[in-house]
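Encoded as structure tokens, the structure appears first; notes follow it.
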Amino acid sequence: MNGSRASAPVGSPAADAWEELVTAALLGTERRTPPGFPPGRQAPVALLDAAAVETVRRRAGLRPARAAARPEPAVADPRPPLPRAAARRLALLLADRPGIPGGSGRRGTAPDLMELLPQWLTAANTHGFAAPPESLPALLDAARGRTDLRPAALAFAGPRALWLARLNPDWRFALRSTPGGGAALPGAEETERIQRLWQEGLFAERVSLLAAIRAREPAAARELLETTWQTERAEDRLMFLDSLRAGLRAEDEPFLERALADRSRNVRATAAELLSALPDSALAARMAVRAGACVALDHTNSTEARSGTGGGPALVVEAPHECDAGMERDGVVAKAPAGRGERSWWLGQLVEAAPLGSWPGRLGGRTPEEIVALPVADDWQGELHAAWCRAAVRQRNADWSRALLGAPSTPEAGGPGAVSLAERAKLLATLDSAERADWVAGFIATHGLSEAFQLLGVCAVPWAPPLGRAVVDALNIARDAGSYPWSFSGVMGLAERCLDPSEAGRLDGLLAIPDEGENASPGAGTYWAEAFQRLVGTLRLRAAMAEELRS
């Protein structure tokens, strides 16, 4: 309550009485009875009565406080308002709560609206609509509970949400998540304001400023960073250096080379990583020489290959025997993790940082596919191919990613170099969206859905028709096999969010409860029908949402 006390200053009888009551409450009435009351079973009741009387007396003495200054009005949001139907849809999405009251854990046939909210926000941002003011509190609450929702939610919520966030501590995350904390960053022509913010701003403001300048004028951002580089703290230098990933270019090389001599090991490692992503940099050339000295072609069996009696060239690996000072300066970490051999650790770092374009020249002009297909002697294949995988991802090299992935239909599934689903997903991310979708569709057609979830996660939304058909066909096969649908709940959830809504009509034949096969799990057909009904209902809802935003 806002107010000021008109009487009972500290030390007065009234204040002493209140303190006596508080002391009795803290110690307990068995040890301290309220003033004026005897000990006994009635003492707790007497304490509460006395506290009630004293509370009323204290409140009666309050004077109204001076009204606080009214906050400045929020800035206007110039974007057009949402169409009415879309605004009603947003209210429904924000009001939805996961789960079914009183349910048994099954989702039933109702679409999961909260899972559709990110997609709706992305679409609304694409159309450039402003959020309805009355939805801002619910929107901020939703973004507070889901960090993955914040970028799209805050972009849609706009400047009025940031105005609200300054008034409510529960929404302060919005200020931290927004470049500049909601304050407008200086424009390119505001040189003096840029310098002042860079010199005097908070760390988050400076990071946002650097990122904004890097996005519009990469060289200017690097030059701004160089003005204070020597005086920055090590952890700040690391964060600022990391911001140079965006728009990385050959002109950054001299600065990054100087950063290789930084006092901080983490800064040196990041500078080396950035330089290795520049295939024409001096560091990449040094790494190519080191890695090339470790991997060579062995033609011992080539004569047998030409005569048709087997054999053929193979790769032989001679891992480094030491990590010298030059390697450490170029970002190679000398100490291997627990359980990892030092030589294989050093080899992996050298091959990972070497430009992939250097290998064909060193290995007889072979293509990436031919190099990956070469046998590797002495069990070094896993280490070598894993390093090439990391290099392909770092250098965004689609040719090498394609070679390391191999054909999706091969028994090895991910190809000899992809040692994990996570690496396959990273390699896929270097391909264009159509090729990525085709590869995953082929993988599903051959291997089913059991390992496809992570791969589906890197595919563009909505799924391309071949990928959508592959997923639906695989779900249909799983249904016919008699297993329960919750074995594929992850893929089914992705399908609800990612399948093209135009596919809904093609799924109508899967909505009925199928005849239960001899080996089917009890009741599986009913559950599958329910899952497909939810899938179709969600696709039709997504189509309606898109139409509402277009109207």
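The values are calculated or read from the model by the stated rules, or taken from the named source; none is laboratory data. Note that the coordinates shown come from a computational prediction; the quantities given were computed from them, not determined experimentally. All Cβ positions, even for glycine, are placed from backbone atoms using ideal geometry, and neighbour counts span all protein chains on display. All accessible areas refer to the heavy atoms of the entire protein, side chains included, with ligands and DNA or RNA removed. Shrake-Rupley method; radii C 1.70, N 1.55, O 1.52, S 1.80 Å.
Here are the numbers:
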item: Sole residue being over 25 Å from the mean Cα position of the chain (by Cα) and farther than 21 Å from ALA284 by Cα, chosen from GLY361, GLY357, GLY382; result: GLY382
item: Residue tally, condition out of contact with any Lys or Arg (no Cβ under 7 Å at 6 or more places or on another chain) and either open to solvent by less than 60 Å² (accessible area, probe 1.4 Å) or touching a residue at least 40 places away in the same chain (Cβ under 8 Å) (or both), over the stretch 235-255; result: 7
item: Scan of the stretch 156-173 for residues that are closer than 22 Å to ARG84 by Cβ and either in contact with a helix residue (DSSP H, G or I) (Cβ under 8 Å, 6 or more places away or on another chain) or open to solvent by 20 Å² or more (accessible area, probe 1.4 Å) (or both), ordered by number; result: PHE156, ALA157, ARG160, ALA161
item: Flag if GLY457 is farther than 20 Å from TRP439 by Cα and small (Gly, Ala, Ser); result: no
item: Enumeration of residues in the stretch 242-261 that are over 20 Å from the mean Cα position of the chain (by Cα), hydrophobic (A, V, I, L, M, F, W, C) and either farther than 18 Å from MET327 by Cα or not in a loop (DSSP other than H, G, I, E, B) (or both); result: LEU248, ALA250, PHE255, LEU256, ALA259
item: Criterion: surrounded by 11 or more Cβ atoms within 10 Å (Cβ to Cβ) and touching a residue at least 60 places away in the same chain (Cβ under 8 Å) - qualifying residue of LEU48, LEU62; result: LEU62
item: Flag for LEU21 being within 30 Å of TRP120 (Cβ to Cβ), open to solvent by less than 70 Å² (accessible area, probe 1.4 Å), at pLDDT 85 or above and not polar (S, T, N, Q); result: no
item: Any chance ALA261 is modelled with pLDDT of 90 or more, of a type outside the set (Lys, Arg), exposed (fewer than 15 other Cβ atoms within 10 Å of the Cβ) and within 22 Å of GLU235 (Cβ to Cβ); result: yes
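Residue by residue, here is whether (1) open to solvent by less than 10 Å² (accessible area, probe 1.4 Å); (2) free of Cβ contacts under 8 Å to residues at least 12 places away in the same chain; (3) outside any loop (DSSP other than H, G, I, E, B); (4) in contact with a helix residue (DSSP H, G or I) (Cβ under 7 Å, 6 or more places away or on another chain) holds:
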residue	(1), (2), (3), (4)
GLY331	no, no, no, yes
LYS335	no, yes, no, no
ALA338	no, yes, no, no
SER344	no, no, yes, yes
GLY348	yes, no, yes, yes
VAL351	yes, no, yes, yes
SER358	no, no, yes, yes
GLY365	no, yes, no, no
ILE371	yes, no, yes, yes
